[in-house]
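Q: One structure follows; several queries about it will come next.
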Amino acid sequence: MKVFFQKYSLPLLIIVFSLVSNFGLGYLVSVYTFAMFFFWYGLFLLNKKIFSILFLINLIVCVLFAPIAYLYGRINIGLIASLFETNLHESTEFINLITWKAWITSLLVFISGFSVIYTGRKTTKNYSFPKHKYIVIVFFSIFLLFTLHKPTTNTLKRHQPFKLVNTEVGNINFYFRILQALDQYYDERIQSKQILSDKPVWEIISSRPKYQNYVLVIGESMRADYTSLYGFPIDTTPYLRKSNGLALDEFIAPAPNTQTSLTRMLHLTQDDIASYPNNIISLAKAAGFKTYWLSTQPTSDDADTAAARVGIQADYSHFYDPNSSRDGKNSISDFILLDGLAEQLKQMKNTQNSLFVLHINGSHPDFCKRLIQPVSKRFKSEKMSCYLETLKQTDQLLQRLEAEIKSYGSYSIMYLSDHGLAHIDKNTDHVSLLNSTKDKQAYHVPFIKISSDDAQQIHLKARRSGFDFIYAFSEWLGIDEKKLKLPYRFFSEDKANSIKVFNWDDVVPYESLNDDPALQP
């Protein structure tokens, strides 16, 4: 047994690492997983030094990504966008959100990889390429066969372009998906930055705003089914629940995180392609509105987020810096936006209709760090208790917002969230919520319109897509624009097309997603 272990310990450990790292990168174990064994062991036989360098680099990448894969799955454009459009404060919060199970996954990847490196360095047997050249050739041939199988069959049978990103070998697929996602992200970012120089192509037929002031509040991470507005038994939104207005019961955000969702909501989007110059701010300005953008979601000087690149086009924009907070927590309360709103309202002239956009932190994880008030009612876990309290805070913000704007003429307030969340560790005392591409509730968000002349609260049951938000926006502002025509009225019970969402990889039917209902008290 000792002789057997000494002889075969390294290949056995490489097999274990191939399995563990494959899972750690977010891939299911399959026959393709073993391709990496043939690559790593063949490389070891070819050149131990090159093997050690490449294996160590790959191990570091796998260890760092394993907790992320445990929470969010495979690498994709959503994760890449979050990486580049997240500030240091949010990055720190993200690390605090990683569960112990996710860290254990990373630890297992490290242990299995370190065992390979240690055993490889201790191997005294003299490996040389000339002596093992036939084994090396066979091993690399098997590896290439597994790697090229899927891309080749896609080309031959389905007449698709040959792309290595289609390989079923997880470790190889991971790196090509990174390159693909980076290319897609930078392409979108370059195109979106053109909005600063390109002119929007709006053809305004007429503009007949009904109200003097319009306020769009873009929420963050609020699930519809945890609000009492939609029947949750704990009163998390007492103001919205009682307010006169129009609520959409099934508004579906187009994507499950801020960057990918707001890119598709704030711009004219067709076939999942955003027309960046044609966005809600450029539309409002073309229709004669005075525009304002106030945000507690910070940005850098070059507007490095999807929302900020729209916001900076407003006649007045201000992004509050979390580092300027007075409480030492590196966080800004959303209520500070009300001060900024009041200041602009006092300076406003009543000769022009105004649009205010408030982009809030809302229920952005880490929930407990969003609170400016103690948790009023414990629910399931500390994280869930804090989450419900963040919903109450946003509800209070909207209540104070309406109280503030009442003194400045007729008004209409529209609130919606950019995306929802899904449960993690659902059947434990540590249950919480995170972004998810697979669950309906990660897309189903609240949407309510409250106007100064509303006499009752009306709920519309018809399902609506966040891809069509700019149509709702134009209908809300009373703008008739040549391109913004739907076969139905957005704010009605008219039947719409089947709803689809972008799951960070493809546009898929909403009904194909899993169900993740709210926990009950």
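The values are calculated or read from the model by the stated rules, or taken from the named source; none is laboratory data. These numbers were taken from a predicted model, which means no experiment stands behind them. Cβ atoms come from the backbone with ideal geometry, glycine included; neighbour counts cover every protein chain shown. Calculation scope for accessible area: heavy atoms of the full protein, side chains included, ligands and nucleic acids excluded. Shrake-Rupley method; radii C 1.70, N 1.55, O 1.52, S 1.80 Å.
Q: Just to be sure I understand: of the beta bridges DSSP finds with both ends in the chain, what percent are antiparallel, rounded to 5?
A: Here the share of antiparallel DSSP bridges comes out near 45 percent.
Q: Where only protein heavy atoms count, and the probe is 1.4 Å, what is the accessible area per residue for the chain in Å²?
A: Here the residues of the chain average 46 Å² of exposed surface.
Q: Of the options 459, 446, 12, report the single residue whose Cα projects farthest towards the positive end of the charge dipole of the chain (beta-carbon charges: Lys, Arg +1; Asp, Glu -1).
A: Final value for the positive-end residue is 12.
Q: Now a separate question. What net charge do the residues around residue 314 carry, taking every other residue with its C-beta under 14 Å from that of residue 314, with Lys and Arg at +1 and Asp and Glu at -1?
A: After counting each charged neighbour, the total is +2.
Q: Continuing with this model, one more query. Please work out how much accessible surface residue 70 shows to a 1.4 Å probe, ignoring ligands, DNA and RNA, in Å² rounded to 10.
A: 80
Q: Determine which lysines satisfy two conditions relative to residue 48: a Cα distance under 23 Å, and not lying fewer than 8 residues away in the same chain.
A: Cross-link targets: 7, 122, 125, 131, 133.
Q: Still on this structure, please answer the following. Name the longest site-free stretch of the chain, where the excluded sites are GluC sites (Glu not before Pro) in a DSSP loop with no more than 11 other beta-carbon atoms within 10 Å.
A: So the longest stretch without any such site is 204-492.
Q: Which FRET efficiency value, to the nearest 0.05, is calculated for residue 372 and residue 156 with the Förster distance at 60 angstrom and r the Cβ-Cβ distance?
A: 0.50
Q: I would also like to ask the following. When only Cα pairs under 8 Å and 6 or more residues apart are kept, what is the percent relative contact order across the chain?
A: Averaging sequence separation for qualifying contacts and normalising by length gives 20 percent for the chain.
Q: As a test question: what accessible area, to the nearest 10 Å², does residue 56 have when a 1.4 Å probe is rolled over all protein chains in place?
A: It works out to around 80 Å².
Q: Ok, one more. Rank these residues by their accessible area, most exposed first, probe 1.4 Å: 202, 293, 103.
A: Descending order: 103, 202, 293.
Q: Could you give the distance between the Cα centres of the stretch 220-252 and the stretch 338-415, to the whole Å?
A: Spelled out, the Cα-based centre of one part sits 14 Å from the other.
Q: Using a 1.4 Å probe on the protein heavy atoms only, what accessible surface does residue 482 show? Give it in Å² to the nearest 10.
A: Near enough 120 Å² of accessible area.
Q: Report the Cα centroid-to-centroid distance between the stretch 9-67 and the stretch 128-180 in angstrom, as an integer.
A: Result: 15 Å between the Cα centres.
Q: Let me ask something else about it. Please identify the cysteines of the chain that lack any partner cysteine with a Cβ under 4.7 Å from their own Cβ.
A: 62
Q: Rounded to the nearest 0.05, what FRET efficiency do residue 489 and residue 107 give with R0 = 56 Å and r taken as the Cβ-Cβ distance? Could you check?
A: 0.55
Q: Count the net charge of all other residues whose Cβ sits under 12 Å from the Cβ of residue 272, scoring Lys and Arg as +1 and Asp and Glu as -1.
A: That sum, taken over residues with Cβ under 12 Å, equals -2.
Q: Among 66, 503, 134, whose Cα sits farthest toward the positive end of the charge dipole of the chain (+1 at Cβ of Lys/Arg, -1 at Cβ of Asp/Glu, about the Cα centre)?
A: After comparing all options, I get 134.
Q: Within the set 242/369; 210/483; 383/461, which residue pairs have Cα atoms separated by over 26 Å?
A: From 242/369; 210/483; 383/461, over 26 Å: 242/369; 383/461.
Q: Let me ask something else about it. Going through the DSSP H helices of the chain, which span 30 Å or more along their own axis at the Cα atoms while scoring at least -0.5 as a mean Kyte-Doolittle hydropathy?
A: Span-like helices here: 2-24, 48-72, 100-122, 129-158.
Q: Shifting gears a bit: Using helices alone, I'd like the mean residue ellipticity at 222 nm for the chain: each DSSP H run of four-plus residues gives -39500 (n - 2.57), total over residue count, nearest 500.
A: The helix-only estimate for the chain comes to -14500 deg cm²/dmol at 222 nm.
Q: Take the solvent-accessible surface of the protein heavy atoms, probe 1.4 Å, and return the percent of it on the chain that carbon and sulfur atoms account for.
A: 56
Q: Now for a separate question. What FRET efficiency, computed as 1/(1 + (r/R0)^6) with R0 = 45 Å and r the Cβ-Cβ distance, is obtained for residue 336 and residue 133, rounded to the nearest 0.05?
A: For residue 336 and residue 133, the calculated efficiency is 0.05.
Q: Would you please give the residues with an amide H less than 5 Å from that of residue 237, counting only those at least 5 places away or on a separate chain, with H modeled from the backbone geometry?
A: Those lying under 5 Å, H to H, from residue 237 are 228, 229.
Q: Whenever you get a sec, line up 394, 153 from highest to lowest accessible area (probe 1.4 Å, protein heavy atoms).
A: 153, 394
Q: Dipole size in debye (nearest 20) for the chain around its Cα centre, Lys and Arg Cβ +1, Asp and Glu Cβ -1?
A: Dipole about the Cα centre, nearest 20: 1980 debye.
Q: A further question on this structure: Pull out the extension gain between residue 244 and residue 511, defined as 0.36 nm times the separation in residues minus the alpha carbon to alpha carbon distance; nm, one decimal.
A: 93.0 nm
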